[in-house]
Amino acid sequence: MSRLDSFIRRMMAQRDVIAAAASLIDGLPGPILELGLGNGRTYHHLRETFPDRRIIAFDRALAAHSASIPPPGDLVLGEIDETARAFAGIGAALVHADIATGTVEGDRRLAGWLPALIRDLLAPGGIAASGSPLELPDLRPLTLPAGVPEGRYFLYRRA
Ligand SMILES: C[S@@+](CC[C@H](N)C(=O)[O-])C[C@H]1O[C@@H](n2cnc3c(N)ncnc32)[C@H](O)[C@@H]1O
């Protein structure tokens, strides 16, 4: 599969998983956390999907399109494993993470801190949508939306 096809499929999976998450958090209060603002396309989509929720975005540096820059107070810059710890207990309804490194070693390191961090950010019953697996007993895997193959995106509910 070409890298373009792979990218398109991942983005389609991301959109489908966020749509599923919207139903899953219906009625559950709490902000949304976007780990990895990047260009801000996903952040823009989250704002359209969740117009009434606070959305806090994290990245090591601001590189987002001007239409996707969070308001002051909702953009946190720095290494996520350091900055997001200050938000533990915030009771997020949804945490979305698109920060897979694309290397075996990088993803191994990510797996060492990301699952526990996301658990600590989520409210009980909150949803995690991630481009990389989150293996932790407190994060229960959910069935992916139809059309999203296992392993392309990951969806969990915090116990
Ligand atoms: C794949 S991009 C996210 C793309 C985003 N979903 C969008 O719509 O543009 C991943 C982003 O996460 C950031 N990132 C990855 N790991 C990080 C870390 N440990 N701390 C801070 N930022 C990180 C990168 O700087 C990059 O901007």
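The values are calculated or read from the model by the stated rules, or taken from the named source; none is laboratory data. Predicted, not measured: the structure shown is a model, and the values here were computed from it. Don't worry about glycine lacking a Cβ; one is built from the backbone with ideal geometry, like all the others, and counts go over all protein chains shown. Note: accessible area is taken over every heavy atom of the protein model, side chains too, but ligands, DNA and RNA are not part of it. Shrake-Rupley method; radii C 1.70, N 1.55, O 1.52, S 1.80 Å.
Could you run the Karplus curve 6.51 cos²θ - 1.76 cosθ + 1.60 with θ = phi - 60° over the stretch 143-159 and give me ³J(HN,Hα) per residue in whole Hz, x for Gly and Pro?
Computed from phi, the couplings for the stretch 143-159 are 5, 6, x, 3, x, 9, x, 3, x, 7, 8, 9, 9, 9, 10, 6, 5 Hz.
Taking K and R as +1 and D and E as -1, what net charge do the other residues with C-beta under 11 Å from the C-beta of Leu75 add up to?
-3
Picking from Gly38, Phe87, Ile8, whose Cα lies most toward the positive end of the charge dipole for the stretch 1-95 (charges on Cβ: Lys, Arg +1; Asp, Glu -1)?
It is Ile8, whose Cα lies furthest towards the positive end.
Could you put Ser2, Ser132, Ser23 in order of accessible surface area, largest first, with the 1.4 Å probe and the full protein assembly present?
Most to least solvent-accessible, the answer reads Ser23, Ser2, Ser132.
Among the complete DSSP H segments of the chain, which ones combine at least 15 Å of alpha-carbon extent along their axis with a mean Kyte-Doolittle hydropathy of -0.5 or more?
Membrane-span-like by this criterion, though nothing is claimed about a membrane: 3-24, 104-121.
Subtracting the Cα-Cα distance from 0.36 nm times the residue separation, let me have the gained length for Glu48 to Ser6 in nm, one decimal.
Between Glu48 and Ser6, full extension yields an extra 12.6 nm.
Be a star and scan the stretch 113-147 for residues whose amide nitrogen sits under 15 Å from the point 7 Å along the Cα-to-Cβ vector of Glu79.
Correct set: 113-114.
Which distance in nm do the two modelled labels at Ala116 and Ala67 give, with both placed 7 Å along the Cα-to-Cβ direction?
Between Ala116 and Ala67, the simple spin-label model gives 4.1 nm.
In nanometres, what is the gap between the two model label sites at Ser23 and Asn39, each 7 Å from Cα along Cα-to-Cβ?
So the two model labels end up 2.9 nm from each other.
With charges set only on the Cβ (+1 for Lys and Arg, -1 for Asp and Glu), what does the dipole of the stretch 3-158 come to about its Cα centre, in debye to the nearest 20?
Charge dipole of the stretch 3-158: 180 debye, to the nearest 20.
Before I look further, what does the stretch 1-151 give for accessible area per residue, probe 1.4 Å, in whole square angstrom?
Heavy-atom accessible area per residue stands at 52 Å².
Can you give me the relative contact order of the chain as a percent, contacts being Cα pairs under 8 Å and 6 or more apart?
Normalised by residue count, the contact order of the chain is 23 percent.
Could you work out [θ]222 nm for the chain from helices alone, using -39500 (n - 2.57) per DSSP H run of at least four and dividing by all its residues? Round to the nearest 500 deg cm²/dmol.
-10500 deg cm²/dmol
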